[in-house]
């Protein structure tokens, strides 16, 4: 019998794959192999972030100092490149008339309910957010993906709760356009205080407007999680937003019409256009101390079995590692391998001064220890310092 | 059909987009700021890059600037990838043109252009090599600016907005061709196009064959002369494309 | 009905031979017979229904509205609906965009013909419904638009032309209508098969054509838009530059005959 089995035995050759093939067929194993060497598949060290390059305001209508691009309605923009990923953010604006009724009806994000619930939430009602639409390009058409929806919502909430955009900053200080005797138009703005007469006309204006900001964020060449790239790009873009001055026509500034409908007479206010000035603009006054930058981390358990064995002292190493599993913190997740094999994540939004705006922990798989949270908070602060320094250049 | 899209955060419905006045801008607009020098050859500056988008099969960036226009387009090619459904003996191409940041063109005009481009690339790509597969091409008009100082009068402006898209078409063709080459998809020849007097003609085979003609305005008397001008421009663009691809190739081989 | 590979090859060879042999025995420049009915929709200002011999059918209705022409630049607006196609389908949007360019003011249409007063003009809405179509419908639609616009009667203005000083809206006569006199452009579609050019390609001819041309004819001459158009997905190829010239010459030669026959309705 022994002879028979010996005859039928097939010699099994170990199959070896080149690293890039292995990375495709078993990303987890490939990641573990890399980690055991102290590096990641993207050749970064555990706590190394990708460098970013940014271009601010190159797409907006205020690119050139002394002229505006008349057809362009982008108020602020940013292009952020991080590794291979490119995030293009453009901020556009709209104007909404502030009468208390319309705000209550239309703002369905629950600000008013919050107002009633607690005193603390009351603070939040003084802040506004931006309406982001995120598009992650991946060669598909049709409805937006879950990822895009989640990121958009998270950006909206985070901007609101970071208290970056005070509602005050979005108030329209509407000017009045009047026709001069020679038939030319001139626009007077309340903040260009030249004469008191203007203030009088301005006082008569009972209606108020505020700006609404929209962000369109396009992510090209997505290689890993993109929330923090979108957030950082949005932060840069917000910092260079300029709001055009707006004005209304003198004749319309307090126009009322009486109309009769079915016997009853009612006063309606003429709807008229509020126009934006082509050239004059003011920078958006954001609360700069609240500007914060995002960073993400992953926690992964090193799998002792998939360690690359060093041929010289293979035996001892394996013996030591088998007993306890070791968790490590990885900063700035990128590449498919890391995204699919690292489930425990920490996401931090922090300002350079050490104000923490958001901390999200997702524990799935590897255990997140308090030391790791501390470490990630510290790293985030350093990262925020680095990123905020880029703006000044 | 005014249904609010609940999947996206579009902001309050009562908000109106900003409307800019156009009465008092003329003086600032007249200043030619940062205009490319007139003596640069034919006033065209073109910058081409390939292969910088990771999650697609081939990509290209075309940035063009001439006296009238400044444009930047990103093209991404996904495919050949398998399609669902019954067997097809040859590949299908779909081209999507996306407005990008500046919502400048009507969607039906963009669709018309993408239909036109599909016609061109149906004849350029060797589709019989790709049975049961689809090639999806996405063109993003990232940036597009009219450098010409325009007359403020309403009439001339409305005329201009109509034909503006024809300046873009040659660059769309250039960038799609480059992206296809970058994706390693078999094409019959490098397709290119030129634009003259609002006429766009796209060629292959050194100008021996036309693959597309687009004319939005003007009379047809000059059409046949425009064809020759377009051909000249096509040759220049094609040479640039080839040198760009060769440079990329030599970079790749030297780095690996 | 789709043709087999062998049938397609046979058809291609016969169309590409000199002289080309078309399946229905037509000459290269010959149209298929069409039937047109006009002015049959009582609630619109003008209407027409066109039926081609292969069963393609299209209905056009013309409606009008008074607008301030300093605000509205475009005085003609085309809307296309093709049965069985979504509103955002490629073919629908392409044809809409093309026809809007064909009928845009300043090009093929003399907008002064629509002017009522110094301030106001008629704006014409052209609604196209393609009930069934087998080949590229743009030529058929343009014939239908042509005959619908030529059968359009608009209310007669009785108020003054000069209304810049007096703030008044145009008022119209109760019964009298005025015939709309604009010369809408026509759109021709040509198929390129080998080195031959065929006017008004039928469905099977479109299926094997190497390329197609869309040429606009207005007021006795060729105007823009001019386009090349792929008539199918499988057989598209480049064509020789002189074919473009030949196509233009063919339209130049026969378009006036088409205009004459449409006018004699």
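Observations, loosely collected:
- Checking residue C:180 against (1) buried (at least 18 other Cβ atoms within 10 Å of the Cβ); (2) over 30 Å from residue B:193 (Cα atoms); (3) modelled with pLDDT of 90 or more, the condition it does not meet: (3)
- Sole residue being modelled with pLDDT of 85 or more, surrounded by 14 or more Cβ atoms within 10 Å (Cβ to Cβ) and more than 13 Å from chain B (Cβ to nearest Cβ), chosen from A:163, A:138: A:163
- Flag if residue A:177 is surrounded by 16 or more Cβ atoms within 10 Å (Cβ to Cβ), facing chain B (nearest Cβ under 10 Å) and part of a loop (DSSP other than H, G, I, E, B): no
- The set of residues from the range B:233-256 being within 17 Å of residue B:201 (Cβ to Cβ) and touching a strand residue (DSSP E or B) at 6+ places or on another chain (Cβ under 7 Å) comprises B:233, B:234, B:237, B:238, B:241.
- Of the listed requirements (1) in contact (Cβ under 8 Å) with a residue 40 or more places away in the chain; (2) in contact with a helix residue (DSSP H, G or I) (Cβ under 8 Å, 6 or more places away or on another chain); (3) more than 19 Å from residue C:262 (Cα to Cα), residue C:47 misses just one: (3).
- Criterion: in contact with a helix residue (DSSP H, G or I) (Cβ under 8 Å, 6 or more places away or on another chain) and either farther than 18 Å from residue B:136 by Cα or surrounded by fewer than 23 Cβ atoms within 10 Å (Cβ to Cβ) (or both) - qualifying residue of B:62, B:77: B:62
- Hey, residue B:29 within 12 Å of another protein chain (Cβ to nearest Cβ) and either at pLDDT 80 or above or buried (at least 16 other Cβ atoms within 10 Å of the Cβ) (or both) or not: yes
- Residues of the range B:100-126 classified as within 14 Å of chain C (Cβ to nearest Cβ) and touching a strand residue (DSSP E or B) at 6+ places or on another chain (Cβ under 7 Å), total: 14
- The set of residues in the range C:207-230 that are more than 10 Å from chain B (Cβ to nearest Cβ) and out of contact with any strand residue (DSSP E or B) (no Cβ under 6 Å at 6 or more places or on another chain) comprises C:207, C:208, C:218, C:219, C:220.
- Checked against the criterion of being in contact (Cβ under 8 Å) with a residue 40 or more places away in the chain and surrounded by fewer than 19 Cβ atoms within 10 Å (Cβ to Cβ), the range C:85-100 has no qualifying residue.
- Close pairs from the range A:15-32: first more than 13 Å from residue A:341 (Cβ to Cβ), partner exposed (fewer than 11 other Cβ atoms within 10 Å of the Cβ), Cβ under 8 Å, at least 6 apart: A:17/A:25
- Residue within the range C:65-85 that is under 28 Å from residue C:209 (Cβ atoms), touching a helix residue (DSSP H, G or I) at 6+ places or on another chain (Cβ under 7 Å) and not in a strand (DSSP E or B) present: yes
- Tallying residues that are out of contact with any strand residue (DSSP E or B) (no Cβ under 8 Å at 6 or more places or on another chain), over 23 Å from residue A:290 (Cβ atoms) and either crowded, with 19+ Cβ neighbours inside 10 Å or touching a residue at least 60 places away in the same chain (Cβ under 8 Å) (or both) within the range A:355-393 yields 0.
- Qualifying residue in the range C:243-261 (condition: buried (at least 22 other Cβ atoms within 10 Å of the Cβ) and either modelled with pLDDT of 95 or more or at the interface with chain B (Cβ under 8 Å from one of its Cβ atoms) (or both)): yes
- Of the set (1) within 14 Å of chain C (Cβ to nearest Cβ); (2) assigned to a strand (DSSP E or B); (3) surrounded by fewer than 22 Cβ atoms within 10 Å (Cβ to Cβ), all apply to residue B:97 but (3).
- Looking only at the range B:57-89, and only at residues there that are at the interface with another protein chain (Cβ under 10 Å from one of its Cβ atoms), in contact with a strand residue (DSSP E or B) (Cβ under 9 Å, 6 or more places away or on another chain) and assigned to a loop (DSSP other than H, G, I, E, B), the one that is modelled with the lowest pLDDT: B:88
- Yes/no for residue C:235 being in contact (Cβ under 8 Å) with a residue 40 or more places away in the chain, away from chain B (no Cβ under 14 Å) and not in a strand (DSSP E or B): no
- Within the range B:193-226, the set of residues being at the interface with another protein chain (Cβ under 9 Å from one of its Cβ atoms), without any contact (Cβ under 8 Å) to a residue 40 or more places away in the chain and either surrounded by fewer than 16 Cβ atoms within 10 Å (Cβ to Cβ) or in contact with a helix residue (DSSP H, G or I) (Cβ under 6 Å, 6 or more places away or on another chain) (or both) comprises B:198, B:199, B:201, B:203, B:205, B:207, B:208, B:210, B:219, B:221, B:224.
- Scoring residue C:265 on the criteria (1) crowded, with 17+ Cβ neighbours inside 10 Å; (2) in contact (Cβ under 8 Å) with a residue 60 or more places away in the chain leaves a single failure, condition (1).
- Residue within the range C:190-198 that is modelled with pLDDT of 90 or more, in contact with a strand residue (DSSP E or B) (Cβ under 8 Å, 6 or more places away or on another chain), more than 14 Å from every other protein chain (Cβ to nearest Cβ) and more than 24 Å from residue C:62 (Cα to Cα) present: yes
The values are calculated or read from the model by the stated rules, or taken from the named source; none is laboratory data. Computed from a predicted structure; not experimentally measured. Note that each Cβ is placed from the backbone with ideal geometry, even for glycine, and that neighbours are counted across all protein chains shown.
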